[in-house]
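Written below as structure tokens is the structure these notes are about.
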Amino acid sequence: MVLWRGVIEEYRKFLPVSEQTPIVTLCEGNTPLLHATRLARKVCPQVELFLKVEGANPTGSFKDRGMTLAVSKALEKQAQAVMCASTGNTSASAAAYGSKAGLAVYVLVPAGKVALGKLAQAMMHGATVVQIEGNFDQALAIVKELCQEHDYELVNSLNPYRLEGQKTAAMEVCDQLGRAPALHVLPVGNAGNISAYWKGYREYWAAGQIVSLPRMMGFQAEGAAPIVRGYVIENPQTIATAIRIGNPASWKLAVQAVEESHGMIGTVTDEEILQAYRYLAQEEGVFCEPASAASVAGVIKLGRQGALPEGATVVCTLTGHGLKDPDTAVQTAAPPRTVKATREDVSALLTS
Ligand SMILES: *Cc1c(COP(=O)(O)O)cnc(C)c1O
């Protein structure tokens, strides 16, 4: 058996590393591509639907693919620390890879707006976690200034190594499917991931690994949809905290990805997101976080609009694990019932 070595070693020839680069890896990547037959039958029967389950990465989100490279390069250039602003998953990933590298990690998060699991991760990995009384966009502005003043490596997706690492997800999808899908659907927050996937598909195509390219379809939450609206949202609102971003860092790249691929960026409501979130858990056995379900909510919406080509292969990226956000899960699902400790009382609740 050949063991998976993490995305840098597996896709080394597509990545900006040399023999001198110290590789910091937690063996990220190689995540499942699940054929979602029940979900497809129920909500979009005209397509072949696949789920790229990025919650299966070491810290529970796709951010690990970019962080392995960003932290390896920070170590190579002997940065004093790594720093990021985060809605949660970037900080969890930076904290884990930073600890593996032996680097100090500084993270800024919006107070009260980070899902519990993500906060727990950053704290446990020993990062210095600073909560600001403000939103993600304000946190990023502060981090940018501090990284310019100090020898700290910025590991937000403004760091080009993040997108370089994240593009490996597109290459993996092609390796798993044996071809490129017709449509690739993603949630869009800071818009780095959709841009990275498009870069990955293009480079794989240029290298002769695939013969066609997918249309890139992005979905923002209705209350946090700056790219769709065409202007910065000062006070973005959505239950999907990982995409609660009003001024995406990779705005231009994402628009370019969508234009070049003849795709689109649309919106889904929080209600549609929650419905897809429950569907995935109850019909496919996949527990993702609310932001991740925006991709599936998007496919469902496209299906209803008749916008999905008959027989097309559609891949939805599920960006993060459901356990990251236990509060939303517990508020969304049916609560457990409490009864007396007797066989009869328990039996009375069982329906089959
Ligand atoms: C970061 C993140 C997103 C948004 O990705 P962008 O690259 O910022 O568009 C979506 N879902 C989850 C779970 C995330 O952690």
With a 1.4 Å probe and all protein chains left in place, how much accessible area per residue does the chain have, in Å²? 43 Å²
Give me the dipole magnitude in Debye, nearest 20, for the chain about the Cα centre, with unit charges on the beta carbon: positive for Lys and Arg, negative for Asp and Glu. 460 debye
Separation of alpha-carbon centers, region 128-169 and region 65-86, rounded to whole Å: 10 Å
For a label point 7 Å from the Cα of GLN331 along Cα→C-beta, name the residues of region 134-149 whose backbone N is under 14 Å from it. none
Compute the Cα gyration tensor for region 67-126, then decide on rounded, prolate or oblate, letting a ≥ b ≥ c be the square roots of its eigenvalues: rounded whenever a/c is under 1.5, prolate when a/b is larger than b/c in the other cases, and oblate in all that remain. prolate
Of the accessible area of the chain, computed with a 1.4 Å probe and all protein chains kept, carbon and sulfur make up a percent value of 52 percent
What's the extension gain from THR342 to GLN131 if we count 0.36 nm per residue and subtract their Cα-Cα distance? 71.3 nm
Only four residue types carry charge here, +1 at the Cβ of Lys and Arg and -1 at the Cβ of Asp and Glu. Report the dipole size of region 149-307 about the Cα centre in Debye, rounded to the nearest 20. 480 debye
GNM on the chain, C-alpha springs below 10 Å: top fluctuator among LYS199, LYS63, LYS42? LYS42
So for region 25-109, averaging the separation of alpha carbon pairs under 8 Å that are six or more residues apart and normalising by length, what relative contact order in percent results? 26 percent
As a test of the formula, what do you get for the chain when each DSSP H run with n ≥ 4 contributes -39,500 (n - 2.57) and the sum is divided by the residue count, at 222 nm and rounded to the nearest 500 deg cm²/dmol? -12500 deg cm²/dmol
Taking 0.36 nm per residue of separation between ARG38 and ALA206 and subtracting their Cα-Cα distance, the length gained on full extension comes to 57.0 nm
Residue with peak Gaussian network fluctuation, the chain [Cα springs, cutoff 10 Å], from GLY263, GLY230, GLY218: GLY230
For region 1-44, size of Cβ-based charge dipole, Lys and Arg +1, Asp and Glu -1, in debye: 440 debye
Tell me, what is the FRET efficiency for GLU259 and TYR231 to the nearest 0.05, using R0 = 22 angstrom and their Cβ-Cβ distance as r? 0.75
Please compute the contact order of the chain in relative form: average sequence separation of alpha-carbon pairs under 8 Å and at least six residues apart, divided by the residue count, as a percent. 19 percent
Choice from TYR231, TYR277, TYR161 with maximal GNM fluctuation in the chain (Cα, 10 Å cutoff): TYR231
For ARG215, which sequence-distant residues (separation of 5 or more, or a different chain) have an amide H within less than 5 Å of its own amide H, given hydrogens modelled in the peptide plane? LEU183, HIS184
Gyration tensor on Cα atoms of region 1-141, a ≥ b ≥ c root eigenvalues, a/c under 1.5 rounded, else prolate if a/b beats b/c, else oblate, says oblate
Of all DSSP beta bridges with both partners in the chain, the antiparallel percent, nearest 5, is 15 percent
Please sort by residue number the GluC sites (Glu not before Pro) in region 1-106 whose DSSP state is loop and whose Cβ has at most 12 other Cβ atoms within 10 Å. GLU19
For 340-346, 78-84, 21-27, ranked highest to lowest by mean beta-carbon neighbours within 10 Å, the order is 78-84, 21-27, 340-346
If contacts are Cα pairs under 8 angstrom and at least 6 residues apart, what is the relative contact order of region 170-228 in percent? 43 percent
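The values are calculated or read from the model by the stated rules, or taken from the named source; none is laboratory data. Please read all numbers here as calculations on a predicted model, not as lab measurements. No Cβ is skipped: glycine too gets one built from the backbone with ideal geometry, and neighbour counts run over all protein chains shown. Note: areas computed on protein heavy atoms with side chains; ligands, DNA, RNA excluded. Shrake-Rupley method; radii C 1.70, N 1.55, O 1.52, S 1.80 Å.
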